[in-house]
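Each value in this text was obtained by applying a stated rule to the coordinates, not by laboratory testing. Being a predicted model, the structure only gives us computed values, none of them experimental. Methodologically, a virtual Cβ is constructed for each residue, glycine included, from the backbone with ideal geometry; neighbour enumeration extends over all protein chains shown.
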C-alpha cells in the first residue's frame with residue numbers, strides 16, 4: 001500500500017521575494033527529498049507551535065476512482081494561512097475550490113496543490129481554515145499512496161517572520177478486492193467445476209476446500225482467472241474462492257488474507273460457500 005504536499009507562505013512581501021501569498025514555489029511539502037516552508041519562514045522550529053495541521057480523507061482508496069480530501073490548519077494567535085501538498089506523481093489532483101486553491105505540475109511530473117491569495121483567508125484569526133480537493137487513484141494502482149503537505153500559520157504581518165510551519169502526511173492502502181459473490185458449482189461423479197464472475201482489481205483467486213463443515217479450510221489452487229475444476233472432490237466437499245491482488249501475504253487462518261500494507265486489523269473477504 002502507498003501517498004501529497006504543502007506550502008511556502010510569506011504574506012505580502014513580493015519585493016523581497018519572501019512572501020508567497022498566491023504562488024509558493026514547488027517542492028516545499030516536506031515529502032522525501034523536499035524542503036518545507038521553513039526554507040523561508042524560519043522564526044520557529046518545525047511543528048513547534050500550538051496549532052494543528054492535518055489531511056483528512058478516506059481510510060482506503062479504490063483504483064481508478066475519485067476521492068475527496070480536506071487539508072485543515074489552525075493555530076491560536078495566527079491570522080493568515082497557506083499550504084502545499086503532493087503525492088509525488090501518484091494519481092491525479094483536481095480542484096474543488098478553484099477560487100481558493102490551484103494545482104500545477106512541476107518539471108519532474110509531480111502535481112502540487114496549494115492556496116491562492118484568496119485562499120489564505122487573510123485576517124481570519126486562529127482557524128481552522130480548510131481546503132478541499134479531489135484525488136483520483138490511478139488504475140492500476142500501487143498498494144498504497146502517501147500524501148505529503150506543509151502548512152504555514154502566518155501572523156499576517158506581510159513579512160516572513162513570526163509564522164509557524166507544520167508538516168503532515170497521510171498514507172492510505174488500496175482497498176482489498178470485493179468478495180466473490182456468485183460462486184457456482186457443477187458436479188459429476190468425478191469432478192467439481194467451479195465458476196464465478198471476475199472481481200474488479202483482483203489479479204488472482206485462491207480456491208479452498210474442506211470436507212465437511214467442521215474441517216479446516218485447505219488451499220486447493222491459485223488461479224489467475226475465474227474458473228477451476230477439482231478432479232478429486234471427495235464426498236461432502238465445500239468450496240470457497242477468495243479474490244486477491246497477487247502477490248498476497250495471507251495470514252494463517254485468514255479467510256481473505258491480508259493485502260500487503262493493509263491497515264490493522266486485517267480486512268477479510270467474505271467468500272461464498274457451495275456444498276458438493
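Percent relative contact order of region 37-173, based on C-alpha pairs within less than 8 angstrom and at least six residues apart? All intermediate terms of the calculation are to be shown ahead of the outcome.
Numbers: 352 pairs, mean separation 51.7, N = 137.
Relative contact order of region 37-173: 38 percent.
If neighbour count is taken as other Cβ atoms inside 10 Å, put 143, 34, 208, 189 in order from fewest to most.
Values: 143 13, 34 21, 208 18, 189 5.
Least crowded to most crowded, the residues run 189, 143, 208, 34.
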Cα-based Rg and Dmax for region 46-176, in Å, come out at 15.0, 49
Pairs of alpha-carbon atoms within less than 8 angstrom and 6+ residues apart define the contacts here; what relative contact order does region 117-207 have, in percent? 20
Looking at region 82-173, what % of its DSSP beta bridges pair antiparallel, to the nearest 5? 100
Which distance in nm do the two modelled labels at residue 65 and residue 190 give, with both placed 7 Å along the Cα-to-Cβ direction? 4.5
What's the extension gain from residue 224 to residue 171 if we count 0.36 nm per residue and subtract their Cα-Cα distance? 16.2 nm
Ordered by fewest other Cβ atoms within 10 Å, a rough proxy for footprinting exposure, 59, 103, 71 read 59, 103, 71
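Counting other beta carbons within 10 Å of each residue's own, what order do 85, 246, 46, 170 fall into, fewest first? Please report the intermediate quantities before stating the final value.
Numbers: 85 32, 246 11, 46 15, 170 21.
Ranked by crowding around the Cβ, least crowded first: 246, 46, 170, 85.
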Full extension from residue 94 to residue 214: what is 0.36 nm times the residue separation minus their Cα-Cα distance, to one decimal in nm? 38.0 nm
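For a Förster distance of 35 Å, can you work out the FRET efficiency between the beta-carbons of residue 104 and residue 42, rounded to the nearest 0.05? Walk me through the numbers before you get to the answer.
Details: r = 24 Å, r/R0 = 0.70.
Taking R0 as 35 Å, the efficiency between residue 104 and residue 42 is 0.90.
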